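**Q** Mind having a look at this structure? Questions to follow.
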Amino acid sequence: MEGDSVTLNYRLFKMGGIQIRWWFGKYLLAEINVSNDRITIYDDVLDGRFRDRLKLDNQTGSLTITNISTEHAGVYELETKQPARITFFLTIYAHLPVPVISSNSQCSSSSSSSSCSLLCSVLNVSHVTLSWFKGNSLLSRISVSDLSSSVSLHLEVEYQDNNTYSCVLNNPISNQTRHPNITQLCHTCADSVHCCGSTEAVIRLVLSALVGVAAVIIVVYDIRSRRAEHDQSHIHNSGIIEI
């Protein structure tokens, strides 16, 4: 795991004139001459990614790498003068993020049945498996090997199975688990318009607009009627002739 220390163990007891060399690919990391107990560390290779991280045991020849990261993963070779080469394959895993669960609740306006689609997702992961479980039963799974910007997995749930689901992200040495709260993430048709009342909301909006327009028409008609009555009264009065 990133941040840990790892020791590549191979017990080479002191033998006269033996020389031990550690390689990372084609780069020499460290060497020791057992006859004079001289140790040399080359930790500036590869832009210093091993700087202040290498320790070599002059008794056994074991190499320790401290505070490791994913850039230290790869093939290491121990070379001696027998001649002999021992190969180590080092895999380093990053700390896993906690999965994020979101929902998309939908409801049919023609029935009372509801469905809720959950989406479990993680960002920037590699060599992981993302799974949905119901209790201890595996429902679905997806695996990625190379670095992926986003990994997600859908699941259709039933409202009656509240808090029985789990989304698990794991690699060979660790895991992260998230349990969705169905009550908070999913809404039945009777719960809210947000879930399934989009059609009803539009109808209400249209009716409200029609009522408003009707009210404006009534007010305008009333004003015009009053003006017409006033004009007729004025004409009648101005037409009277005194004798």
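**Q** Using only the heavy atoms of the protein chains and a 1.4 Å probe, how would Thr87, Thr64 rank by accessible area, largest first? Provide the component values of the computation, followed by the final result.
**A** On the way: Thr87 60, Thr64 30 Å².
So, going from the largest accessible area down, we get Thr87, Thr64.
**Q** Might you work out the accessible area of Tyr27 for me, using a 1.4 Å probe with all protein chains in place, and round it to the nearest 10 Å²?
**A** For Tyr27, the solvent-accessible surface is approximately 80 Å².
**Q** Show the residues, 5+ positions off or on another chain, whose built amide H is closer than 5 Å to the amide H of Tyr93.
**A** Glu2
**Q** What are the ³J(HN,Hα) couplings of region 65-71, residue after residue, when phi is run through the Karplus curve with 6.51, -1.76, 1.60 and θ = phi - 60°? Round to Hz, x for glycine and proline.
**A** Computed from phi, the couplings for region 65-71 are 10, 9, 6, 6, 9, 5, 6 Hz.
**Q** Here is a follow-up. Please list Arg85, Arg178 in order of solvent-accessible area, largest first, computed with a 1.4 Å probe with all protein chains present. Don't jump to the answer; show the numbers that get you there.
**A** Working: Arg85 130, Arg178 105 Å².
From most accessible down to least: Arg85, Arg178.
**Q** Let me ask you something else. Report Arg141's accessible area, 1.4 Å probe, all protein chains in place, as a number in Å² to the nearest 10.
**A** 140 Å²
**Q** Grab the other residues whose beta carbon is less than 13 angstrom from that of Thr91, score K and R as +1, D and E as -1, and report the net.
**A** Details: positive: none; negative: Glu2, Asp4, Glu71.
With Lys, Arg at +1 and Asp, Glu at -1, the neighbours total -3.
**Q** Under 5 Å between amide H atoms, partner at least 5 residues away or on a different chain: which partners does Leu139 have, H built in plane at 1.01 Å?
**A** Trp132, Phe133, Lys134
**Q** What are the residues whose amide H is under 5 Å from the amide H of Leu29, where those residues sit 5 or more places off or on another chain and H is modelled from the backbone?
**A** Correct list: Trp22, Trp23, Phe24.
**Q** What does the charge add up to near Leu28, with Lys and Arg as +1, Asp and Glu as -1, over the other residues with Cβ less than 12 Å from its Cβ?
**A** Charge balance near Leu28 sits at -3.
**Q** With a 1.4 Å probe and all protein chains in place, put Tyr10, Tyr165 in order of accessible area, largest first.
**A** Numbers: Tyr10 95, Tyr165 10 Å².
Listed by decreasing accessible area, they come as Tyr10, Tyr165.
**Q** What is the local net charge at Ser69, summed over the other residues whose Cβ is closer than 12 Å to its Cβ (Lys, Arg +1; Asp, Glu -1)? Provide the component values of the computation, followed by the final result.
**A** Details: positive: Arg49, Arg53; negative: Glu2, Asp4, Glu71.
After counting each charged neighbour, the total is -1.
**Q** Determine ³J(HN,Hα), in whole Hz, for all residues of region 115-123 in sequence, where each value follows from phi through the Karplus function 6.51 cos²θ - 1.76 cosθ + 1.60 and θ = phi - 60°; x replaces Gly and Pro.
**A** 9, 9, 9, 9, 10, 9, 9, 9, 10
The values are calculated or read from the model by the stated rules, or taken from the named source; none is laboratory data. Please read these numbers as outputs of a predicted model, since none were measured by experiment. Glycine also receives a Cβ, built like all others from the backbone with ideal geometry; neighbour counts cover every protein chain displayed. The area values use the complete protein model at the heavy-atom level, side chains included, leaving out ligands, DNA and RNA. Shrake-Rupley method; radii C 1.70, N 1.55, O 1.52, S 1.80 Å.
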